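**Q** Can you read through this structure? Questions will come right after.
The values are calculated or read from the model by the stated rules, or taken from the named source; none is laboratory data. Everything numeric in this text was worked out from a predicted model, so none of it was measured. We place every Cβ from the backbone using ideal geometry, glycine too, and count neighbours over all the protein chains shown.
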Amino acid sequence: MTASGPDFVQPPWVYGPKETMDWIEATHPSKKEGKKTHKDRGKELLKNMHIRLDLDVRQTTIISSNVFSKFLSKITKNEKIEEHFEIIHIADIILRSLAKAKFRNTRKIVVDGKTLYSHPEITTDLRKTIDILEKSSLNNARYIEISATLTDVEKCTAEIKIKKIHRRKEHSIDILMKGEIKRELYHVFCNYLVEKLGLEKKSFAE
């Protein structure tokens, strides 16, 4: 209580209907305010999501021919490894997961440093590039880089790197979503990868 009287809202003994409702709201705030529905949460925008994934596949350690590099790798336990998976198959699954999340444009595909596809000006070609990748004879490739865009209310560019050979402490799949994406679309993308690659949902923490 303050010097001028109590510090809570006084009941409107002599107020009209509007003042009465204001008093009720002040003393018993509506529980509806600030409560988001599942639908509202789905429309929330997530920004600059970064996903790093490892596949449950056989690995082979690559022994360096350089004595110093071999010694350094042994000390740091960060030697190079090769993961045994079909890289085109993995790239295909990731492209399909992007399509599920309403990405429409494949800006660029680079395989082992060579550009396989580059058409950022075409806005609806993602499914076409899935066919191009499937028909390519690049299963011996070691590195694939993909850039795809989502252009809707939100704008997002997915930068994907898939590596069969990398340092042990690195990851075989790196996905950076630059910009904003709706939470529900992000979940669609992640759930597809969980289903098709046998991953755990905790790999996609927000």
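**Q** Please find, within region 162-206, the residue that is farthest from GLY113 (Cα to Cα) out of those that are of a type outside the set (Phe, Trp, Tyr), buried (at least 18 other Cβ atoms within 10 Å of the Cβ) and in contact with a His (Cβ under 9 Å, 6 or more places away or on another chain).
**A** Restricting to residues being of a type outside the set (Phe, Trp, Tyr), buried (at least 18 other Cβ atoms within 10 Å of the Cβ) and in contact with a His (Cβ under 9 Å, 6 or more places away or on another chain), the top hit is MET177.
**Q** Right, another one. Output the number of residues of region 110-160 satisfying the condition of being closer than 15 Å to ILE87 by Cβ and under 19 Å from the mean Cα position of the chain (by Cα).
**A** Residues meeting the conditions: 4.
**Q** Evaluate region 77-90: report whether one residue or more is farther than 20 Å from ILE173 by Cβ, more than 19 Å from the chain's Cα centre (by Cα) and at pLDDT below 90.
**A** Yes, the conditions are met somewhere in region 77-90.
**Q** Name, by its number, the condition in (1) more than 13 Å from the chain's Cα centre (by Cα); (2) among the hydrophobic types (A, V, I, L, M, F, W, C); (3) in a helix (DSSP H, G or I) that does not hold for LEU199.
**A** So the condition that LEU199 fails would be (3).
**Q** Let me ask something else. Only residues that are closer than 21 Å to THR129 by Cβ and touching a strand residue (DSSP E or B) at 6+ places or on another chain (Cβ under 7 Å): list them for region 173-196, please.
**A** ILE173, ASP174, ILE175, LEU176, MET177, LYS178, GLY179, ILE181
**Q** Of all residues in region 105-142, which are of a type outside the set (Lys, Arg) and touching a residue at least 40 places away in the same chain (Cβ under 8 Å)?
**A** Answer for region 105-142, where residues must be of a type outside the set (Lys, Arg) and touching a residue at least 40 places away in the same chain (Cβ under 8 Å): ASN105, THR106, LEU133, GLU134, SER136, LEU138, ASN139, ALA141.
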